[in-house]
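Okay, structure first, notes after.
Since every read-out is calculated from the coordinates, none of them should be taken as a lab result. Please read all numbers here as calculations on a predicted model, not as lab measurements. Glycine gets a Cβ as well: all are built from the backbone with ideal geometry, and neighbour counts include every protein chain shown.
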Amino acid sequence: MSPPVPAVRPTADSPVNLRSLGRVRVLEALAEARRLSSRLSRPDLMRRTGLARATVGSVIADLIRAGIVTDEDANRADGLRTGRPARTLSLNRHAAYALGVDIGRDHVRVVLCDLFGEPVWDRDLHRLVDNDADDVLTETAELIGQAQRATGVPAERILGVGVGIACPIDRQGTLLAEGIMPGWVGVRPTDELRERTGFAVRLVNDANAAVLAEHRHGVAQRCDDVIYIRLSTGIGAGVISDGRLLLGAGGLAGELGHVTVESSGAICRCGNRGCLETVASPAAIAEAPVDGQRRARVDHPADRPGARRRPRRDPCDGGRR
Ligand SMILES: [Zn+2]
């Protein structure tokens, strides 16, 4: 019987790939230790990563040279040290930074975060954005420049810009702005901001950005199946399914706001009639009559007479623990 085919066939560049893999494992172990407020030594890293002593030593030397990892004396107070002094390793929070931009209907916010995701600069600009793409993108770039000048973080330490925008985006990254953000039709914010700032730019729908953030850093860290419903000026949702962001065939899996819920309802800003946004967005609720009469009724199966309601359950019951 022939031996099983190895998962990774040796090639001429295997040493490079294995080195990169080792670097990723070491960085992941150090990031996990930081989350748990613990510190790791080289032997700890060998145990956590399964890498050989020589590999860990080589990877750590590279990361220290690059300024990504710091090597410190553990400074044990027990005075019972034997052999060489214990050293612990940790990530340098100032090694790299990233910019976050939130473009909503009535604001632009720019945040500069360090490697640990902690904001070091945060500014909110209140302005209506729907009709002024060019001005909004210029003002965003100006805010980014302000962040750099105020903090002194050099451009080469900024990994890039992540932009969340309150607009549907298809799988190709194109804004579907018709009727939603009229001044943004045909605009490519990724290209425009890259030209204005020189940074790499990633664009994502704001509800998708929110569910990714909650899954990675927030209340949904232990859940593999999550729906985040964003009630802002409009209504949107971000969906994580089996641990991955669900975009759907057209990239619009979470676009709840323009689903028709009342065929004879009010005209929506998108041009259709009776969208969910016309009855359930914060603006629609705020504008609803206060005489006890609901302006519109959502015809949902669960609201019909005799409908059976499911008991409430922990949203993470079915997720990975
Ligand atoms: Zn609509």
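Table for the structure above
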| item | result |
| --- | --- |
| Protection proxy ranking, peptides 177-183, 165-171, 218-224, average beta carbon neighbours within 10 Å, highest first | 165-171, 177-183, 218-224 |
| Cα pair distances exceeding 19 angstrom across the stretch 97-214, given as percent | 42 |
| Long-range HN-HN contacts of Arg202 with modeled amide H, under 5 Å | Val161, Gly162, Val163 |
| Protection proxy ranking, peptides 29-37, 53-61, average beta carbon neighbours within 10 Å, highest first | 53-61, 29-37 |
| Residue-wise HN-Hα coupling along the stretch 60-72, computed from phi with Karplus coefficients 6.51, -1.76, 1.60 (Hz; x: Gly, Pro) | 4, 4, 4, 5, 5, 4, 7, x, 8, 10, 10, 10, 10 |
